[in-house]
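Engineer: Take this structure first; my questions come after.
The values are calculated or read from the model by the stated rules, or taken from the named source; none is laboratory data. Source: prediction; values computed, not measured. Every residue, glycine among them, receives a Cβ derived from its backbone with ideal geometry; neighbour counts consider all protein chains shown. The protein model used for the area step is the full one, side chains on, heavy atoms only, and it has no ligands, DNA or RNA in it. Shrake-Rupley method; radii C 1.70, N 1.55, O 1.52, S 1.80 Å.
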2 protein chains.
Amino acid sequence: MTCCRAAPTCLRYSNAMTSPCIDIHSHFFPTNAPNFAARFGDPSGPWVTLNDHGDGTGMMMLGDKPFRPVHSALWDAKARIKEIDANNVATQIICATPVMFAYDAPAGQAAYVASAYNDLALAMCADSSGRLKALAQVPLQDADLSCKELTRAMRAGCVGVQIGNHVGPREMDDEGIVRFLAHCAAEGAAVLVHPWDMLGGDRLKRWMSAWTVAMPAETQFGIMAMILGGAFDQLPTDLRICFAHGGGSFPYLLGRLENAWHRRDIVRGISKHPPSHYLNRFSVDSAVFDHRALRLLIDTMGADHVMVGSDAPFPLGEEHVGDLVRNQPDLADVDRARILTGNAAKFFNI
Amino acid sequence: MTCCRAAPTCLRYSNAMTSPCIDIHSHFFPTNAPNFAARFGDPSGPWVTLNDHGDGTGMMMLGDKPFRPVHSALWDAKARIKEIDANNVATQIICATPVMFAYDAPAGQAAYVASAYNDLALAMCADSSGRLKALAQVPLQDADLSCKELTRAMRAGCVGVQIGNHVGPREMDDEGIVRFLAHCAAEGAAVLVHPWDMLGGDRLKRWMSAWTVAMPAETQFGIMAMILGGAFDQLPTDLRICFAHGGGSFPYLLGRLENAWHRRDIVRGISKHPPSHYLNRFSVDSAVFDHRALRLLIDTMGADHVMVGSDAPFPLGEEHVGDLVRNQPDLADVDRARILTGNAAKFFNI
């Protein structure tokens, strides 16, 4: 985007360039987690651990294999604050890296893991002078244990919960998941849905295609499951639920789904309305890395259902958090302000 | 879209509403194919056949199982012409329904199948007073046999070839597939890439999700394989290649891929340039069923790289062929004309 010529517009643009934002999608991973492998015994896991290289970098390990190169903003509140200061992020919401979910483990183990990680997330926030807020994780394979941990974590200071978009073959319309979401609505806990455990298997192992192809497909499928599987029809309208990465492929493929819904009965599932009817039932983050994609996202979801989400501090996140929104052309000031801060403040009640 | 108020614009809009188009993506399936099961013996197949109900409807059968309800425009030239007349389609390009590909069969069988189907496609076109043109199919599991059948089919009257986006684990950067594409460039044969053999397995069996989730992911992955696997870098720039369904999820997710390419070396494969560099190397059809999605598609690919494609006469296709493009708001007349007819005439040399 080039700078405009008219002085008043230029001033507004300049303000937007330095506007603070609330970043609703960022991850943490602690260095000081309990030793789950030792606690649960050899057959459990592989669990994710972190090798802190001591120079501001580290390596996440899945069992004894390198999983992802990372840097200290992932685990160190001071490093994180420095990073978000540089990006004009007023408040950043942190949540687990999805490999921490433990949805494959026995439910009791996953409940212990969730509780431990949630306390560590809150400890990181406690070191941040209020700049960081935490989403909880729950043992989603067990709805009762999930409800229990959600209630505990919210009382301990979490502002909502992050869940994966499925538990094995159980999708977002699964009875247990819907029951948990109803509990979130009742407790006033906002929900962020993050893709994980990606489809595609060996074919998508090249070029990180699990992240670039499968993750957006998982998110699209999660939204579809809530629509076509009747979850939105069952759940209260005051449930606040947001899907990561700009709703995955959903916003661009809405037309394809809508056409299919009208023309083939087997597409409709038990939904009462066509997919477009449900767009006001969920939000998305802005992690689409392209002004044309953000335009489609805002035009489709409405400016009141998009919030800045960076996926920081991972390399596939937005390097300069919020700048895609700050620099988005043809966006009214009032809408830009909503997307930068207003929607998130309301969504997470912060 | 509401009608505009200014008379001259209104006239242009009115013209656009009835403008003829070239539809580059439609399917056929013949009623009079050879009995492949009998020819190749019991272990082969299951082969797709068609039950013509005699009342203008029919059922495609995969072995002895119903596969898809269809109507006579799929196999009867007269019925097809009536349908395209009603939609102001000047010329329609037909190609195989992907279940006809036989990429899993022994290559010799697939070559026979391709040859038989190609002749039947040309026979349907011969009944159309020039309104229908055919794309060939080839036994893509064998590059040599594919080159041979392509040359034969082009001499017999096909205007190009349709291929699936992969053959089992062999993607669009596979040596044999790239060699075949180089042959297409040398022969001046245009290529349409159609998603098929969709990822996701059992999880995507509900709600036709293989069509609404996996197909767009397959197409995105096919484009990525040509970029990151170095196929575009190797192939001549005069190769004319088009990806179905608006490029699948690729256009919306380009920003995500571009960001990942710049920030993680393992994303880059052997590509020489970032993904956005290759946008002028391929075209897409317009089958996105939503004006916001078509806007993103045109803004991303350029108006000279989009062509009307309906996916007719299947129910998941565009019911009123070309109307999405005809009614697209904020599209210059010259660009609308390109997308309706000009690009396709050049691309297929018709």
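Engineer: How many of the residues making up region A:241-266 are within 24 Å of A:H194 (Cα to Cα) and in a helix (DSSP H, G or I)? Step through it out loud before you land on a result.
Structural biologist: Restricting attention to region A:241-266, the residues satisfying the condition of being within 24 Å of A:H194 (Cα to Cα) are A:241-258.
Now drop any that are not in a helix (DSSP H, G or I), which leaves A:244-247, A:250-258.
Counting residues in region A:241-266 that are within 24 Å of A:H194 (Cα to Cα) and in a helix (DSSP H, G or I) gives 13.
Engineer: Name the single residue, out of those in region B:1-51 being assigned to a loop (DSSP other than H, G, I, E, B) and modelled with pLDDT under 55, that is most open to solvent (accessible area, probe 1.4 Å). Break it down stepwise before answering.
Structural biologist: Narrowing region B:1-51 to residues assigned to a loop (DSSP other than H, G, I, E, B): B:1-6, B:18-20, B:29-35, B:41-47.
Retained after the next criterion (residues that are modelled with pLDDT under 55): B:1-6.
Values: B:M1: 124, B:T2: 117, B:C3: 79, B:C4: 47, B:R5: 236, B:A6: 50 Å².
The selected residue is B:R5.
Engineer: Looking only at region B:243-261, decide whether some residue is over 21 Å from A:R206 (Cα atoms), within 10 Å of another protein chain (Cβ to nearest Cβ) and touching a residue at least 40 places away in the same chain (Cβ under 8 Å). So that I can check it myself, show each step before the final result.
Structural biologist: Applying the first criterion (over 21 Å from A:R206 (Cα atoms)) to region B:243-261 yields B:244-246.
Filter once more, so that each one left must be within 10 Å of another protein chain (Cβ to nearest Cβ): B:245-246.
With the extra rule that they be touching a residue at least 40 places away in the same chain (Cβ under 8 Å), the set shrinks to B:245-246.
Yes, there is a match, as at least one residue in region B:243-261 is over 21 Å from A:R206 (Cα atoms), within 10 Å of another protein chain (Cβ to nearest Cβ) and touching a residue at least 40 places away in the same chain (Cβ under 8 Å).
Engineer: Of the conditions (1) at pLDDT below 90; (2) in a helix (DSSP H, G or I); (3) out of contact with any helix residue (DSSP H, G or I) (no Cβ under 9 Å at 6 or more places or on another chain), B:D85 satisfies every one except a single condition; which number is it?
Structural biologist: B:D85 satisfies all of (1) at pLDDT below 90; (2) in a helix (DSSP H, G or I); (3) out of contact with any helix residue (DSSP H, G or I) (no Cβ under 9 Å at 6 or more places or on another chain) except (1).
Engineer: Look through A:A110, A:A102, A:A90, A:A114 and report the one residue that is more than 27 Å from B:R264 (Cα to Cα), within 20 Å of the chain's Cα centre (by Cα) and not in a helix (DSSP H, G or I).
Structural biologist: Details: A:A110 fails: not in a helix (DSSP H, G or I); A:A102 fails: more than 27 Å from B:R264 (Cα to Cα); A:A114 fails: not in a helix (DSSP H, G or I).
Among A:A110, A:A102, A:A90, A:A114, only A:A90 is more than 27 Å from B:R264 (Cα to Cα), within 20 Å of the chain's Cα centre (by Cα) and not in a helix (DSSP H, G or I).
Engineer: State the number of residues belonging to region B:131-182 that are in a loop (DSSP other than H, G, I, E, B), within 22 Å of B:F348 (Cβ to Cβ) and within 14 Å of chain A (Cβ to nearest Cβ). Walk me through it before giving the result.
Structural biologist: Taking region B:131-182 and keeping what is in a loop (DSSP other than H, G, I, E, B), we get B:131, B:137-142, B:157-159, B:165-166, B:168-169, B:171-174.
With the extra rule that they be within 22 Å of B:F348 (Cβ to Cβ), the set shrinks to B:131, B:137-138, B:140, B:157-159, B:165, B:172.
Checking which are within 14 Å of chain A (Cβ to nearest Cβ) leaves us with B:165, B:172.
Residues flagged as in a loop (DSSP other than H, G, I, E, B), within 22 Å of B:F348 (Cβ to Cβ) and within 14 Å of chain A (Cβ to nearest Cβ) within region B:131-182 amount to 2.
Engineer: May I ask you to list pairs of residues, at least six apart or on different chains, whose Cβ atoms are under 9 Å apart, with the first in region A:141-163 being surrounded by fewer than 20 Cβ atoms within 10 Å (Cβ to Cβ) and the second being among the charged types (D, E, K, R)?
Structural biologist: Once the first residue is surrounded by fewer than 20 Cβ atoms within 10 Å (Cβ to Cβ) and sits in region A:141-163, its partners that are among the charged types (D, E, K, R) give A:D144/A:R179; A:C147/A:R179; A:C147/A:E187; A:T151/A:E187; A:M154/A:E187; A:A156/A:D119; A:G157/A:K133.
Engineer: Moving on. Assess whether B:H166 counts as being buried (at least 18 other Cβ atoms within 10 Å of the Cβ) and within 25 Å of B:G342 (Cα to Cα). Break it down into steps so the answer makes sense when it comes.
Structural biologist: Numbers: buried (at least 18 other Cβ atoms within 10 Å of the Cβ): yes; within 25 Å of B:G342 (Cα to Cα): no.
No: the conditions fail for B:H166.
Engineer: For region B:69-120, give me each residue that is closer than 26 Å to B:W211 by Cβ, in contact (Cβ under 8 Å) with a residue 60 or more places away in the chain and touching a Gly at 6+ places or on another chain (Cβ under 7 Å).
Structural biologist: Of everything in region B:69-120, those that are closer than 26 Å to B:W211 by Cβ, in contact (Cβ under 8 Å) with a residue 60 or more places away in the chain and touching a Gly at 6+ places or on another chain (Cβ under 7 Å) turn out to be B:V70, B:H71, B:N87, B:V89, B:P98, B:F101, B:Y103.
Engineer: Follow-up. Can you find a residue in region B:202-213 that is in contact with a strand residue (DSSP E or B) (Cβ under 9 Å, 6 or more places away or on another chain), open to solvent by 10 Å² or more (accessible area, probe 1.4 Å) and either hydroxyl-bearing (S, T, Y) or at pLDDT 95 or above (or both)?
Structural biologist: Within region B:202-213, the subset in contact with a strand residue (DSSP E or B) (Cβ under 9 Å, 6 or more places away or on another chain) is none.
No: zero hits.
Engineer: Oh, and also: Identify the single condition in (1) open to solvent by 20 Å² or more (accessible area, probe 1.4 Å); (2) within 14 Å of A:L235 (Cα to Cα) that A:C184 does not satisfy, given that it satisfies every other one.
Structural biologist: Only one criterion is unmet by A:C184, namely (1).
Engineer: For region A:330-340, does any single residue satisfy the condition of being buried (at least 23 other Cβ atoms within 10 Å of the Cβ), touching a strand residue (DSSP E or B) at 6+ places or on another chain (Cβ under 7 Å) and within 12 Å of chain B (Cβ to nearest Cβ)?
Structural biologist: No, that holds for no residue.
Engineer: Quick check on A:V284: is it in a loop (DSSP other than H, G, I, E, B) and crowded, with 21+ Cβ neighbours inside 10 Å?
Structural biologist: Details: in a loop (DSSP other than H, G, I, E, B): no; crowded, with 21+ Cβ neighbours inside 10 Å: yes.
Judged against the criteria, A:V284 is not a match.
Engineer: Same structure again: Among (1) within 14 Å of chain B (Cβ to nearest Cβ); (2) open to solvent by 10 Å² or more (accessible area, probe 1.4 Å); (3) assigned to a helix (DSSP H, G or I), which single condition is A:A293 missing?
Structural biologist: All conditions pass for A:A293, except number (2).
Engineer: Same structure again: Could you look through region B:262-290, keep only residues that are within 8 Å of another protein chain (Cβ to nearest Cβ) and basic (K, R), and pick out the one that is nearest to the chain's Cα centre (by Cα)? Break it down stepwise before answering.
Structural biologist: Our first condition is that a residue be within 8 Å of another protein chain (Cβ to nearest Cβ); within region B:262-290, this holds for B:263-264, B:266-269, B:287-290.
Of the ones still in play, those that are also basic (K, R) are B:263-264, B:268.
Numbers: B:R263: 33, B:R264: 32, B:R268: 27 Å.
Out of the qualifying residues, it is B:R268.
Engineer: Any residue at all in region A:56-79 that's within 25 Å of A:G309 (Cα to Cα), part of a helix (DSSP H, G or I), modelled with pLDDT of 95 or more and not small (G, A, S)?
Structural biologist: Looking for residues that are within 25 Å of A:G309 (Cα to Cα), part of a helix (DSSP H, G or I), modelled with pLDDT of 95 or more and not small (G, A, S), one finds at least one in region A:56-79, hence yes.
Engineer: Follow-up. Kindly establish whether B:G255 is open to solvent by 10 Å² or more (accessible area, probe 1.4 Å) and of a type in the set (G, A, S). Give the steps one after another, and end with the answer.
Structural biologist: Details: open to solvent by 10 Å² or more (accessible area, probe 1.4 Å): no; of a type in the set (G, A, S): yes.
Against the criterion (open to solvent by 10 Å² or more (accessible area, probe 1.4 Å) and of a type in the set (G, A, S)), B:G255 does not qualify.
Engineer: Give region A:309-326 a look and list any residue that's open to solvent by less than 10 Å² (accessible area, probe 1.4 Å), in a loop (DSSP other than H, G, I, E, B) and either within 9 Å of chain B (Cβ to nearest Cβ) or among the aliphatic types (A, V, I, L, M) (or both), or say none.
Structural biologist: Within region A:309-326, A:G317, A:V321 meet the criteria.
Engineer: Examine region B:223-235 for a residue that is within 13 Å of chain A (Cβ to nearest Cβ), touching a His at 6+ places or on another chain (Cβ under 9 Å), crowded, with 24+ Cβ neighbours inside 10 Å and over 24 Å from B:A136 (Cβ atoms), and state whether such a residue exists.
Structural biologist: Scanning region B:223-235, I find at least one residue that is within 13 Å of chain A (Cβ to nearest Cβ), touching a His at 6+ places or on another chain (Cβ under 9 Å), crowded, with 24+ Cβ neighbours inside 10 Å and over 24 Å from B:A136 (Cβ atoms), so the answer is yes.
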